[in-house]
Amino acid sequence: MSNCEQDSSIERVLVNGFPFPLGVYPVEPMIPVPGFASEFEPADGDDENGDWEAWPDRYVYDIVVPATRLEALWQQLFALMPGRVFPIVDYIGHDEYREIDPYIAYEPIGKERVTNILRRYRPFFFEDGMVGFGAVSEDPFFYVFVDEHKIITVRVSPEDRPRVEKLLAAFDLSQIDEPAGADAAAHEHRSILLISDEDPSLLNGDEIVEQARGDWQLVLNVDPDTNLDDDEQEILMTIWRCVARYTPDHDTNDLLCEVLLVAPCLRRAEELAQIGASAIIPESSDWVEIVIVSANRIGEETFRRLIDNRTVPKDISDKDLSVEQVLWALPFGAQSPDANDSE
């Protein structure tokens, strides 16, 4: 069974006795201040897409807690939620035009499925500086999210406010004006997972997110028909690096391939990635399915570096990168792609 392991060589940063998460820590002098801030938020208007009910009147809590108590507080807050929830994941991925990949579920799942993944990959979710996670429920409304700084945000209806504040008091957390965690100063994010070529059961962050996407029915929460950066600026035609997973019906081992292409949006990139992956599958084989594991936009500098590090057709550097097309598809065999190539 797959799992993950914390790199034991990584030391926890302590400031004034306050333990920071292993994967995110300040790099300039600061004074950490545990506690919580709270304010009232009025009900939202209807969502334009109609995918979610409008959130009701609620209180929002921003909570800073020592890293060594984060998991325990999460468990107690999660226990206040109803039995079925919509999971959420934010991941600092490899798209060069977007800092965070936001994943959400549009169908509720049982809480035990959330807990199972969190337990199996505990170091990643509770210590790694590349991921945030949480859940929201509709009836009653309840939102809990642990961001990539391991700061907890809670949103609850006024009726649940006493329960939340009683729980925070039990953790010796007081209401203050400005709690201060790692994000209150210049800080660094890092992955804390041990990666071993000798133990393929140890997953990296990309692979764990893929597992969570499948188990929690997550979808990338971006418009697949536009191509915007974090500033909401249109990028137009873009180079994409896609990873596809395909499975032969006579084999239990999944195979991976890399597809480089040019496309104007995510939807078209995934369609072209399917075409590119299909082109390298032997015609004599019967293949069950092709799944697009990731589709990340890259800049031309990264693209040129990939050319230098791959065995690709000689004319690839002469391609017109403003025209929609598949540039190449290369099999990885049974090996996972090197995620660092697209950073």
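Per-structure values
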read-out	value
Strands (runs of 3 or more DSSP E) (entirely within the range 1-87) containing at least 1 residues that are of a type in the set (S, T, N, Q) and at pLDDT 95 or above	35-41
Selection within the range 95-128 - buried (at least 20 other Cβ atoms within 10 Å of the Cβ), in contact with a Lys or Arg (Cβ under 9 Å, 6 or more places away or on another chain) and in a loop (DSSP other than H, G, I, E, B)	Asp95, Asp128
Single unsatisfied condition, Arg241 versus (1) buried (at least 20 other Cβ atoms within 10 Å of the Cβ); (2) farther than 18 Å from Val291 by Cβ	(2)
Considering residues of the range 1-24 that are small (Gly, Ala, Ser) and surrounded by fewer than 19 Cβ atoms within 10 Å (Cβ to Cβ) only, the residue nearest to the chain's Cα centre (by Cα)	Ser2
Of all residues making up the range 186-221, the number that are among the aliphatic types (A, V, I, L, M), in a loop (DSSP other than H, G, I, E, B) and under 29 Å from Glu112 (Cβ atoms)	4
Inter-residue pairs, beta-carbon under 7 Å, first among the charged types (D, E, K, R) and in the range 288-307, second surrounded by fewer than 16 Cβ atoms within 10 Å (Cβ to Cβ), 6+ apart	Glu289/Thr247; Glu300/Leu321
Long-range neighbours under 9 Å by Cβ, at least six apart or interchain, first residue more than 24 Å from Val64 (Cα to Cα) and free of Cβ contacts under 8 Å to residues at least 12 places away in the same chain within the range 1-25, second surrounded by 15 or more Cβ atoms within 10 Å (Cβ to Cβ) and not charged (D, E, K, R)	Ser9/Leu194
Residue within the range 312-326 that is at pLDDT 75 or above, over 28 Å from the mean Cα position of the chain (by Cα) and among the small types (Gly, Ala, Ser) present	yes
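The values are calculated or read from the model by the stated rules, or taken from the named source; none is laboratory data. Note that this is a predicted model, so its numbers are computed, not measured. We place every Cβ from the backbone using ideal geometry, glycine too, and count neighbours over all the protein chains shown.
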